[in-house]
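Chemist: Quick one: structure below, then a few questions.
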Amino acid sequence: MLNAKIQDAFNQQINAEMFSEYLYLSMAAHFESESLKGMANWMKIQAGEEHMHAMKFYGFILDRGGKVVLKQIDAPKTAWKSPLDAFQDVYQHEVKITGLVNGLANLAIEEKDHAAHQFLEWFVNEQVEEEAAAQLVVDQLKLVGDNGVAIYMIDQELGQRQPAAAAGAAAAAT
Ligand code: FEO
């Protein structure tokens with residue numbers, strides 16, 4: 001049985017993850033319109049991962065006999081000044097999500113909910129990767145500045161990103 005405080009906090013996290021999906025989908029659409037197809041690809045895959053994160057919370061709440069309560073999703077921004085501006089937003093957003101995940105882990109400890117705490121460990125580790133992935137692109141974009149050819153090359157590289165399931169299957173096959 002899930003206690004009410006954890007149920008509410010996890011439902012709130014579903015909302016945060018769904019907003020993340022919306023934000024990255026909005027960035028994908030922005031990049032599509034700028035003909036930066038690789039960056040759009042990276043964002044669409046990121047949006048898919050956020051959906052998966054939301055569904056993990058959804059599944060956990062239901063598995064524990066709780067009630068999923070979906071809330072209104074805020075509208076994300078629709079335009080960014082540059083690729084660097086967008087990826088800096090990604091990084092800042094992921095830092096915020098890390099704070100939320102840490103808050104949930106603290107709550108699980110306070111409420112002595114070991115199953116919730118163990119469930120959240122996956123997210124604690126995932127956030128390390130999420131921040132690092134965004135930081136890497138921010139660093140690369142800072143390095144190249146306004147150099148169009150270099151931005152094009154970064155775009156090509158980000159176009160190689162595959163959904164986690166496909167990337168795992170490809171690694172297993174080699
Ligand atoms: Fe679901 Fe990007 O954190």
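The values are calculated or read from the model by the stated rules, or taken from the named source; none is laboratory data. Everything quoted here is computed from the prediction, not taken from an experiment. Cβ sites come from the backbone with ideal geometry, for glycine too, and all protein chains shown count toward neighbours. The protein model used for the area step is the full one, side chains on, heavy atoms only, and it has no ligands, DNA or RNA in it. Shrake-Rupley method; radii C 1.70, N 1.55, O 1.52, S 1.80 Å.
Chemist: Kindly express, to the nearest 10 degrees and within the range 0 to 90, the angle between helix 148-158's C-alpha long axis and the longest C-alpha principal axis of the chain.
Modeler: Compared with the principal axis, the helix lies near 40 degrees.
Chemist: Could I ask something else about it? For the charge dipole of the chain, defined by +1 on Lys and Arg C-beta atoms and -1 on Asp and Glu C-beta atoms about the Cα centroid, which residue among 138, 6, 117 has the Cα displaced farthest towards the positive pole?
Modeler: 6
Chemist: About the Cα centre, and with charges only on the beta carbon of Lys, Arg (+1) and Asp, Glu (-1), how big is the dipole of the range 1-139? Nearest 20 debye, please.
Modeler: Values: 11 positive and 21 negative charges, 82 e Å.
Roughly 400 debye for the range 1-139.
Chemist: Length gain on complete extension for the stretch residue 33 to residue 81, per 0.36 nm per residue less the alpha carbon to alpha carbon distance? Before the final figure, lay out each step's value.
Modeler: Details: separation 48, 0.36 × 48 = 17.28 nm, distance 1.30 nm.
Taking 0.36 nm per residue and subtracting the Cα distance, the gain is 16.0 nm.
Chemist: Take residue 110 and residue 143, extend 7 Å from each Cα along the Cα→Cβ direction, and tell me the distance between the two endpoints in nm.
Modeler: Result for the modelled spin labels: 4.2 nm.
Chemist: In the range 1-125, if every C-alpha pair distance is counted and binned at 10 Å from zero, what percent goes to each bin?
Modeler: P(r) for the range 1-125, in whole percents per bin: 13, 42, 27, 14, 3.
Chemist: Then there's this: Counting only protein heavy atoms, what percent of the accessible surface of the chain is carbon or sulfur at a 1.4 Å probe?
Modeler: Values: 5410 of 9490 Å².
Here carbon and sulfur together make up 57 percent of the probe-accessible area.
Chemist: How long are the semi-axes of the equivalent ellipsoid of the range 54-107, taking √(5λ) for every eigenvalue λ of the Cα gyration tensor, in whole Å from largest down?
Modeler: Working: eigenvalues 171, 46, 14 Å².
The equivalent ellipsoid of the range 54-107 has semi-axes of 29, 15, 8 Å.
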